[in-house]
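In what follows, a structure is listed as structure tokens, so that the remarks can point back to it.
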Amino acid sequence: MEGDDEQTTTGPPSVPRWLRPVVVLAVLALAVTAWQVGLLDLLTLENMRAFAEGAGPWGPVIFVALFALGEIIAVPSVIFVVVAGLVWPLHVALPTAYVGAMSACATVFTLGRLLLAGGWGEAIRARLPEGVKRYDIALANRGVRTVTVIRFFTFMSPIMHYVLAASRVRFGPMMLGSAIGLAPGITALVIGGEQAMHHWEIVEPYVIGVVAAFILFRVVQHLRKRAGVEPG
């Protein structure tokens, strides 16, 4: 893929020391406020559909902003995508959900980079098992291809936003890989609507379980090697 094979980078640049605590406090304040006012309880499929319908022509703009903010506090992204398909016709719903998802990816990735700047990201990567480090190298050198695969299988999993932020993948390849990898899932959810959401709720725990099991397997394999035990 053109421009995909890049030189390994060292991660995000340093940021002012005061910025990280400000960002952390802002996220905590957002989460606490959402909990105090009962916002998380209101973010149901029915309530969000009614809100989007009542917003008129500003609906798509507000939707994109809420999608990005919701992803920060781990509101299931599937709800936003399905709502778009239920509220607007396909020619409006699909680009609205797509732009919302990409805005959410950019927002949480940037937030993660701010939180991990100043050597924290490097410290995390230095402690990764060798097997996992290979994937970090792949993200640095073949970012578009690797992120495409990750997004295709994990969709908008909140933890993956921060995993990517902690890696050495650059912003551009991360966004392009996300745009490619998320496209099939977003299209299916917008077209399938509530039925697609129902099936995702069934499948999501298994997807997360497979990803967690794979990571655990790599960690155990690394620990066995360090202990001098050959894999069975």
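Considering only residues that are at pLDDT 90 or above, of a type in the set (A, V, I, L, M) and in contact with a helix residue (DSSP H, G or I) (Cβ under 6 Å, 6 or more places away or on another chain), look in segment 109-149 and name the one that is surrounded by the fewest Cβ atoms within 10 Å (Cβ to Cβ). Filtering segment 109-149 for residues that are at pLDDT 90 or above, of a type in the set (A, V, I, L, M) and in contact with a helix residue (DSSP H, G or I) (Cβ under 6 Å, 6 or more places away or on another chain), the one surrounded by the fewest Cβ atoms within 10 Å (Cβ to Cβ) comes out as V144. Can you find even one residue in segment 58-66 that is over 30 Å from P173 (Cα atoms), among the hydrophobic types (A, V, I, L, M, F, W, C) and either more than 14 Å from the chain's Cα centre (by Cα) or at pLDDT below 85 (or both)? Yes; the residues of segment 58-66 include at least one that is over 30 Å from P173 (Cα atoms), among the hydrophobic types (A, V, I, L, M, F, W, C) and either more than 14 Å from the chain's Cα centre (by Cα) or at pLDDT below 85 (or both).
For segment 42-91, which positions are of a type outside the set (S, T, N, Q), in contact (Cβ under 8 Å) with a residue 60 or more places away in the chain and either in a helix (DSSP H, G or I) or more than 24 Å from A106 (Cα to Cα) (or both)?
Of everything in segment 42-91, those that are of a type outside the set (S, T, N, Q), in contact (Cβ under 8 Å) with a residue 60 or more places away in the chain and either in a helix (DSSP H, G or I) or more than 24 Å from A106 (Cα to Cα) (or both) turn out to be L45, E71, V78, I79, V81, V82, A84, G85, L86, L90.
The values are calculated or read from the model by the stated rules, or taken from the named source; none is laboratory data. The model shown is predicted, which means the values in this text are computed figures rather than measured ones. Positions of Cβ are generated from backbone atoms using ideal geometry, with glycine treated the same way; all protein chains shown enter the neighbour counts.
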